[in-house]
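Structure first, then comments.
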Amino acid sequence: MKNIYFLLILILVTFSGCKSTKPIAGSKPAVIPGETSGYNEQTPVNFSEQSTWILGYFNPDRLTHYPYSTWYTSGFAEYVPSSEAMNKLMDLSKDDVKIKVVMGTWCPDSRREVPRFMKVIDTWQFPLPEMTFIGVDNAKLSPVGEYTDLDIVRVPTFIVYKNNIEAGRIIENPTTSLEQDLVNILTGMKK
């Protein structure tokens with residue numbers, strides 16, 4: 001009888017200690033500034049791991065913190081927008097313009113284009129409160145109510161609104177350059 005109790009206790013202890021270590025998408029935000037979640041400057045980061053994904057609405061400042069800063073900071077610093085296109089952009093009104101940025105931190109295209117886009121936005125001095133950032137998983141889904149209406153097929157997708165009406169999109173890669181594509185969208189020019 002003692003052996004049966006001992007065996008039952010052993011089985012209970014063994015099975016109660018087993019938990020899946022695979023994170024559930026959307027269950028917990030990825031690395032938050034100031035939080036130690038196993039990442040530090042010396043830890044190599046695999047952005048295909050769900051624990052690194054940013055899902056849902058987020059503040060773009062989050063990209064300037066580790067581990068995202070490993071690609072964001074250099075991408076932002078190294079991009080030099082076309083002065084000709086930036087001059088045209090500077091002449092355009094920012095009034096009634098809103099921008100949605102849909103990206104995946106797991107996506108190489110997002111990691112390349114979002115810092116560049118933010119360099120254009122910074123140079124243009126576009127107000128960040130007029131921008132919305134949405135993180136998606138690798139199935140391009142996000143826990144945001146309005147998300148399915150955005151009809152996202154590829155990321156990154158930069159959606160430009162003028163007077164609350166979609167004026168155009170830059171999808172995955174710019175047609176000419178990010179800054180020229182923005183000029184084209186805001187002036188209604190064909191790409």
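General remarks:
- Just so you know, the Rg over Rh for the stretch 58-184 is 0.93, from Cα atoms, with Rh as the Kirkwood radius.
- Estimated inter-spin distance, residue 43 and residue 96, nm [label 7 Å along Cα→Cβ]: 4.8
- Calculated FRET value between residue 87 and residue 162, using beta carbons and R₀ = 25 Å, to 0.05: 0.80
- Excluding same-chain neighbours fewer than eight residues apart, the aspartates and glutamates reachable from residue 119 by a Cα-Cα span under 18 Å are 61, 78, 84, 91, 109, 130, 172, 179, 181.
- Computed E for residue 189/residue 74 - FRET, C-beta separation, R0 22 angstrom, nearest 0.05: 0.10
- Contact order relative to length of the stretch 94-191, as percent, for alpha carbon pairs under 8 angstrom and 6 or more apart: 34
- Flagged links, alpha-carbon separation over 19 Å, of 94/162; 94/140; 100/162: 94/140
- Spacing of the modelled spin labels on residue 65 and residue 151, each 7 Å from Cα toward Cβ, amounts to 3.6 nm.
Here, each number is a calculation from the coordinates, and none is a lab measurement. Predicted model only: the values in this text are computed from it and were never measured. Please note: Cβ atoms are built from the backbone with ideal geometry, for glycine as well, and neighbour counts cover all protein chains shown.
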